[in-house]
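Read through the structure below, which is laid out as structure tokens, and then see the notes.
The values are calculated or read from the model by the stated rules, or taken from the named source; none is laboratory data. All figures in this text were calculated on a predicted structure; none of them were measured in a lab. Neighbour counts are summed over all protein chains in view; Cβ atoms, including those assigned to glycine, are modelled from backbone coordinates with ideal geometry.
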Amino acid sequence: MYWKHFFALITASILFVSCDDNTSTLGMDMIPAADLIAKTYKTYDVKTSSYAVGDSVLSRTSTSYFGQYTDPITGSTVKSDFLSQYNYCPIQALDTIPLNDTASIVYIDLEFSEFVGDSLSPVSIEVYELDSLLDPNASYYTNIDPTKFVKKDAKPVGSLRFSASNRALADTTRQKRYSNGYNYVSIPIDRTIGDEILQAFKKNPSLLKEANWCKSGVRGSKGFYFKLCSGDGAMFYISNSRLNVGFNYRDQYTDSLYGTALLFEGTEEVVQASRFTSRNIQNLIDDTDATYLKCPAGVFTMAELPIDSISTNDTINTASIKFTRYNDDEETAGKVDKTYRLGVPQTVLLVRYDEYINGFFESNKLADNVTSYLATFNSSSNSYEFSNISRLVTTMLREKKNGTATENCNKVLLIPVEASTIKSSTGTSTVVKLNHDFSMKSARLVGGKDGGVQIELIYSKFLK
């Protein structure tokens with residue numbers, strides 16, 4: 001019995017020492033030599049330049065912009081005002097009947113949670129009634145002409161001079177607004193507009209319903225144009241616009257008099273169109289030592305992928321590209337208070353040039369990871385990184401091979417965007433809408449005539 005156990009132990013030891021933990025060749029002797037794969041790495045230079053998009057960009061956003069601001073770093077100036085329609089907001093029952101046909105007060109609140117620039121810098125605003133209806137099914141661009149929607153000799157129905165700090169308000173009122181995370185200004189509006197709205201409301205309360213109001217023909221129902229008359233030093237992000245028509249009514253149970261208001265809000269269901277004009281951006285286009293991203297809707301970066309140089313003999317596994325941001329010039333930036341420096345675009349879209357000019361945003365498209373991709377700014381590497389655009393490259397190569405390539409086949413644009421997302425029950429975020437980023441942001445990127453941008457490809461092929 002002893003010798004049996006001893007022999008078993010010796011046999012196990014021999015088997016144990018005859019094996020090692022190197023599994024790198026595990027199964028290799030079972031693969032035919034023709035099926036072995038080799039990987040190669042190659043980098044190619046990518047030509048980049050600044051692309052002036054001009055003032056004609058699809059103006060589709062739930063935020064309106066108002067003011068004028070000059071970038072202290074680049075010297076470029078952006079000016080904006082806007083048009084807005086309104087929907088009735090039912091905060092009280094439609095059977096609340098006004099005591100008379102006269103509005104007690106009429107005003108428009110412009111609510112802003114953000115602004116760029118000097119909080120003390122004043123702007124002057126004038127409000128005009130729209131005479132023509134904005135089409136909810138039309139595409140409006142940042143070069144929209146407000147004069148086409150306002151009567152030629154129209155007079156303003158309201159005006160105000162204000163600043164972000166709202167110094168005209170009492171300190172306690174101003175502090176209360178800021179503590180709630182938002183601020184707003186109230187613009188007094190011609191009370192006869194409110195009188196007509198109340199009279200129409202008394203005759204037919206159903207006019208206030210969403211489907212009827214904008215087409216009712218009642219004064220104010222077509223919306224308003226908010227015109228920037230003067231001011232340079234602040235840009236306001238208007239998150240909400242609200243028309244208030246105050247009136248008195250008698251409570252049918254207590255016979256007491258109370259005050260309330262009809263509220264109309266500029267919501268996503270109606271048209272809000274911001275007009276932008278830019279100045280002094282040509283110097284950015286002419287800067288061949290770098291490329292730029294300039295919001296709102298001023299300058300994109302164009303890249304030309306070296307399709308003619310890329311091998312088509314091997315399979316492309318991955319293709320990655322990185323756009324690195326220059327830090328602000330210390331000499332220039334050091335003279336500018338950080339409060340007034342523009343932020344960096346946080347989300348960018350890489351999309352084929354042809355796809356962009358043929359209505360990418362107009363068609364409400366999303367990044368499909370084939371011919372369009374999203375990336376967020378990486379503050380650690382100070383760059384926008386696209387880790388795998390191989391499907392884009394292979395699409396371009398295929399078009400070139402089968403003769404369907406256009407003149408701009410290899411061109412892509414880097415565009416700052418605002419990505420709207422929803423969260424699932426598991427916490428996963430999904431992008432459901434892409435719009436141009438109209439906030440005040442800027443980035444100077446490595447590239448231009450001296451290069452600096454490369455695309456890295458990893459190929460694989462079968463060994464023969």
Give, as residue ranges, the strands (runs of 3 or more DSSP E) completely inside segment 209-271 that count at least 3 residues that are within 17 Å of Pro98 (Cα to Cα). 234-250, 257-265
Kindly list, by first and then second residue, each pair from a residue in segment 364-379 that is touching a residue at least 40 places away in the same chain (Cβ under 8 Å) to a residue that is among the small types (Gly, Ala, Ser), limited to pairs with Cβ atoms under 7 Å and residues at least 6 apart or on different chains. Leu374/Ala367; Leu374/Ala419
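For (1) over 27 Å from Val270 (Cβ atoms); (2) buried (at least 17 other Cβ atoms within 10 Å of the Cβ), each residue gets a yes or a no:
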{"position": "Val46", "(1), (2)": "yes, yes"}
{"position": "Ser50", "(1), (2)": "yes, yes"}
{"position": "Gly54", "(1), (2)": "no, no"}
{"position": "Ser62", "(1), (2)": "no, no"}
{"position": "Gly67", "(1), (2)": "no, yes"}
{"position": "Pro72", "(1), (2)": "yes, no"}
{"position": "Thr77", "(1), (2)": "yes, no"}
{"position": "Ser80", "(1), (2)": "no, yes"}
{"position": "Ser84", "(1), (2)": "no, yes"}
Given the conditions (1) in contact (Cβ under 8 Å) with a residue 40 or more places away in the chain; (2) acidic (Asp, Glu); (3) assigned to a loop (DSSP other than H, G, I, E, B), every one holds for Asp153 apart from (1)
Any idea which of Ile310, Ile281 is surrounded by 17 or more Cβ atoms within 10 Å (Cβ to Cβ), more than 22 Å from the chain's Cα centre (by Cα) and touching a residue at least 60 places away in the same chain (Cβ under 8 Å)? Ile310
Residue in segment 98-124 that is modelled with the lowest pLDDT, counting only those that are loosely packed, with under 15 Cβ neighbours inside 10 Å and either touching a Phe, Trp or Tyr at 6+ places or on another chain (Cβ under 6 Å) or not in a loop (DSSP other than H, G, I, E, B) (or both): Leu99
Scan segment 346-353 and give yes if some residue there is on the phi > 0 side of the Ramachandran plot and at pLDDT 95 or above, otherwise no. no
Condition set among the polar types (S, T, N, Q) and farther than 19 Å from Pro136 by Cα, scope segment 86-97, selection surrounded by the fewest Cβ atoms within 10 Å (Cβ to Cβ): answer is Gln92
Please specify each residue of segment 416-464 satisfying the condition of being part of a strand (DSSP E or B), among the acidic types (Asp, Glu) and within 17 Å of the chain's Cα centre (by Cα). Glu418
In segment 371-430, how many residues are under 23 Å from Asp314 (Cα atoms) and either exposed (fewer than 10 other Cβ atoms within 10 Å of the Cβ) or not assigned by TED's automatic domain parsing to the domain that holds Arg352 (or both)? 3
Conditions first: (1) surrounded by 13 or more Cβ atoms within 10 Å (Cβ to Cβ); (2) free of Cβ contacts under 8 Å to residues at least 24 places away in the same chain; (3) farther than 30 Å from Gly403 by Cα. Lys338 passes all but one, so which condition is the exception? (1)
Considering every residue within segment 250-272, establish whether at least one is of a type in the set (Ser, Thr, Tyr), surrounded by 12 or more Cβ atoms within 10 Å (Cβ to Cβ) and modelled with pLDDT of 95 or more. no
